[in-house]
């Protein structure tokens, strides 16, 4: 019973100390633009765009835990000519957990998670979607201008040779969460 009481007391102390180091919480909503870096996707789907959302939970004066999700659309390169009515495109839906190191207005944020890769082909009136879930990581660096963030991100998901290497820029608006 003494050990249990000691564990509860220690947990309360740690929780109180963590609250004393309270940081800032935000929700970011923004847009992405990205370039595929590996040969497999670069040939057919060289560039894409999309939207993102990120939650930031302050865990100290200089750090935040992040949870981010996005949707990116990669249209087929215009050099590929398909019959009328046929289409092909690639979607990526990444979800990453990370930790943001803040250095005044600059930040660095390593992330780990996964991405859903969806290749959709429309031939005649049939639509075929091939979906896979791939483990991945990302590294993001950026700058904060008041309530706007501008970032550069390298994202990698999947196994070779069909992995997706992606270099993206992101602009987002920061919405502070106050309690």
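The values are calculated or read from the model by the stated rules, or taken from the named source; none is laboratory data. Just so we're clear, the structure is a prediction, and the values are computed from it rather than from any experiment. Backbone-built Cβ (ideal geometry, glycine too); neighbour counts: all protein chains shown.
With the structure loaded, tell me whether residue 138 is in contact with a strand residue (DSSP E or B) (Cβ under 6 Å, 6 or more places away or on another chain), within 15 Å of residue 163 (Cβ to Cβ) and touching a residue at least 12 places away in the same chain (Cβ under 8 Å) or whether it fails that test.
Details: in contact with a strand residue (DSSP E or B) (Cβ under 6 Å, 6 or more places away or on another chain): yes; within 15 Å of residue 163 (Cβ to Cβ): yes; touching a residue at least 12 places away in the same chain (Cβ under 8 Å): yes.
Answer is yes for this residue.
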Residue among 55, 34 that is closer than 30 Å to residue 162 by Cα, within 17 Å of the chain's Cα centre (by Cα), buried (at least 17 other Cβ atoms within 10 Å of the Cβ) and at pLDDT 85 or above: 34
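Quick test for you: out of 149, 134, pick the one residue that is under 21 Å from residue 35 (Cβ atoms) and crowded, with 21+ Cβ neighbours inside 10 Å.
Details: 134 fails: crowded, with 21+ Cβ neighbours inside 10 Å.
When all the criteria are applied, what remains is 149.
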The stretch 124-145, residues that are in a strand (DSSP E or B) and more than 30 Å from residue 105 (Cβ to Cβ): 126, 127, 128, 129, 130, 131, 132, 133, 134, 135
Residue 150 over 14 Å from residue 56 (Cα atoms), at pLDDT 95 or above and touching a strand residue (DSSP E or B) at 6+ places or on another chain (Cβ under 8 Å): yes
Test result for residue 50, surrounded by 12 or more Cβ atoms within 10 Å (Cβ to Cβ) and at pLDDT 95 or above: yes
Listing of strands (runs of 3 or more DSSP E) fully contained in the stretch 14-118 that carry 2 or more residues being touching a residue at least 60 places away in the same chain (Cβ under 8 Å): 26-36, 47-58, 87-103
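Does residue 64 count as out of contact with any helix residue (DSSP H, G or I) (no Cβ under 9 Å at 6 or more places or on another chain), at pLDDT 95 or above and buried (at least 18 other Cβ atoms within 10 Å of the Cβ)? Step through it out loud before you land on a result.
Working: out of contact with any helix residue (DSSP H, G or I) (no Cβ under 9 Å at 6 or more places or on another chain): yes; at pLDDT 95 or above: no; buried (at least 18 other Cβ atoms within 10 Å of the Cβ): yes.
When the stated conditions are applied, residue 64 does not pass them.
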Positions within the stretch 156-179 being outside any loop (DSSP other than H, G, I, E, B) and under 22 Å from residue 103 (Cα atoms), in sequence order: 168, 169, 170, 171, 172, 173, 174, 175, 176
